[in-house]
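Quick notes on the structure that follows.
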Amino acid sequence: MTEILQTPKLVVVFGGSGFVGRHVVRALAQRGYRIRAACRRPDLAGHLQPLGNVGQIQPVQANLRVRWSVDNAVQGADHVVNLVGILHESGRQRFSAVHDFGARAVAEAARNIGAGLTHVSALGADLNSASAYARTKARGEKAVLETVKDAVVFRPSINFGPEDGFFNRFANMARYSPALPLIGGGATKFQPVYVADVAEAVASSVDNVIERGRIYELGGPEVLTFRECMEELLKVIDRKRLLVPVPWWLADLQASFLGLLPNPMLTRDQVTQLRQHNIVSETAAREGRTLQGLGIQAQSVGTILPSYLWRFRAAGQFQRKPAA
């Protein structure tokens with residue numbers, strides 16, 4: 001009897017060439033899915049090809065602000081993943097356009113072809129937040145769940161990993177600056193989550209092995225203050241630096257000027273976000289809407305940071321020996 005071979009499912013990943021995207025693409029490729037990585041610049045997505053077999057990963061052009069490009073990108077898909085998000089506004093890349101309009105466009109496109117949908121938002125998403133980033137993230141979630149009732153929404157805390165923009169940025173600053181700033185005194189709490197763990201959660205949703213139509217909050221095994229994050233970073237890169245508290249009013253003032261730069265280190269909206277803790281809620285933990293509830297063993301900051309921050313040590317891969 002002739003065996004009929006089934007074609008692997010096609011997953012379209014919006015934002016597939018980004019930081020989180022490359023890890024999601026890897027996790028999906030390891031499961032044997034065909035992947036269409038939808039991004040604004042597919043010509044710059046060559047780094048995705050080694051993550052899968054020949055022909056398994058196909059970058060395509062799509063822009064969430066251009067509805068017809070979203071519709072074209074999802075054609076023939078079995079599942080759609082939306083990872084697109086911005087940390088600051090620039091040109092036509094506005095929070096409302098990307099997080100709100102864009103999320104709805106992807107959801108409607110997925111609904112129109114009957115595909116499953118996974119949407120990655122962020123911890124802190126709140127319709128009543130003073131932060132435009134948090135408000136538009138919440139509006140995006142609302143649009144997704146109104147459009148596709150059984151969509152899966154993930155809210156990760158700060159993602160860390162080899163290409164992250166948090167630990168890498170401050171580690172690079174520590175190479176040249178004698179001090180690191182602690183916005184608002186450094187008391188804000190985070191629950192940094194390893195990007196590969198987030199990717200595993202997304203892949204599990206594509207596998208359809210988790211309950212759909214729910215919002216999951218993804219955090220790592222540790223809750224760390226901003227100060228503790230910087231202390232851990234300095235320990236890993238083997239450097240001693242002053243940790244200087246920056247009061248909120250001064251952080252707002254600095255962000256007013258830094259926010260004018262093309263790729264700002266700090267914006268006023270980010271300062272507003274830092275006034276709120278960024279940790280998994282007790283309700284989500286109690287209801288099992290976490291990494292642990294999904295059966296994923298979260299990796300800690302102390303375990304992963306040395307694997308990629310070693311390049312910021314004065315002695316490279318080797319730590320300096322203590323003085324005799």
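The values are calculated or read from the model by the stated rules, or taken from the named source; none is laboratory data. As the structure is a computational prediction, the values presented were derived from the model and not from experiment. No Cβ is skipped: glycine too gets one built from the backbone with ideal geometry, and neighbour counts run over all protein chains shown.
List of remarks:
- Residue that is surrounded by the most Cβ atoms within 10 Å (Cβ to Cβ) [pool: residues in segment 108-132 that are hydroxyl-bearing (Ser, Thr, Tyr) and under 25 Å from GLU200 (Cα atoms)]: THR118
- Qualifying residue in segment 199-211 (condition: out of contact with any strand residue (DSSP E or B) (no Cβ under 8 Å at 6 or more places or on another chain), modelled with pLDDT under 95 and hydroxyl-bearing (Ser, Thr, Tyr)): no
- Yes/no for VAL66 being within 16 Å of LEU117 (Cα to Cα) and not hydroxyl-bearing (Ser, Thr, Tyr): no
- Residue that is modelled with the lowest pLDDT, among those in segment 265-287 that are out of contact with any Phe, Trp or Tyr (no Cβ under 9 Å at 6 or more places or on another chain) and not polar (S, T, N, Q): MET265
- Test: ALA143 is more than 20 Å from the chain's Cα centre (by Cα) and surrounded by fewer than 23 Cβ atoms within 10 Å (Cβ to Cβ): no
- Cβ-Cβ under 6 Å pairs, at least 6 apart or on other chains, segment 182-202 side at positive phi, far side among the basic types (Lys, Arg) and surrounded by fewer than 23 Cβ atoms within 10 Å (Cβ to Cβ): GLY186/ARG227
- Residues in segment 259-284 that are free of Cβ contacts under 8 Å to residues at least 12 places away in the same chain and over 18 Å from PHE95 (Cα atoms): GLU282, THR283.
- Residue within segment 46-53 that is farther than 25 Å from ASN159 by Cβ and over 20 Å from the mean Cα position of the chain (by Cα) present: yes
- Condition check for LEU266: part of a loop (DSSP other than H, G, I, E, B), within 18 Å of GLN191 (Cβ to Cβ) and not basic (Lys, Arg): no
- One residue stands out among those in segment 6-53 that are basic (Lys, Arg) and outside any helix (DSSP H, G or I): the one that is farthest from GLU163 (Cα to Cα), which is LYS9.
- Only one of the numbered conditions (1) outside any strand (DSSP E or B); (2) surrounded by fewer than 24 Cβ atoms within 10 Å (Cβ to Cβ) is violated by PRO59, and that is (1).
- Taking the criterion of being among the small types (Gly, Ala, Ser) and touching a Pro at 6+ places or on another chain (Cβ under 9 Å), the residues of segment 285-318 that qualify are ALA298, SER300, SER307.
- Restricting ALA255, ALA298, ALA314 to those that are aliphatic (A, V, I, L, M) and surrounded by fewer than 15 Cβ atoms within 10 Å (Cβ to Cβ) reduces the list to ALA314.
- Close pairs (6 angstrom Cβ cut-off, 6 or more residues apart or separate chains): touching a residue at least 24 places away in the same chain (Cβ under 8 Å) and within 19 Å of ILE183 (Cα to Cα) in segment 231-243, surrounded by 18 or more Cβ atoms within 10 Å (Cβ to Cβ) and small (Gly, Ala, Ser) anywhere: LEU233/ALA171; ARG241/ALA174
- Scanning segment 279-295 turns up no residue that is more than 21 Å from the chain's Cα centre (by Cα) and surrounded by 19 or more Cβ atoms within 10 Å (Cβ to Cβ).
- Subset tally (residues that are closer than 29 Å to SER204 by Cα and not hydrophobic (A, V, I, L, M, F, W, C)) for segment 257-293: 12
- When segment 62-73 is limited to residues that are more than 21 Å from the chain's Cα centre (by Cα) and not in a loop (DSSP other than H, G, I, E, B), the one that is surrounded by the fewest Cβ atoms within 10 Å (Cβ to Cβ) turns out to be TRP68.
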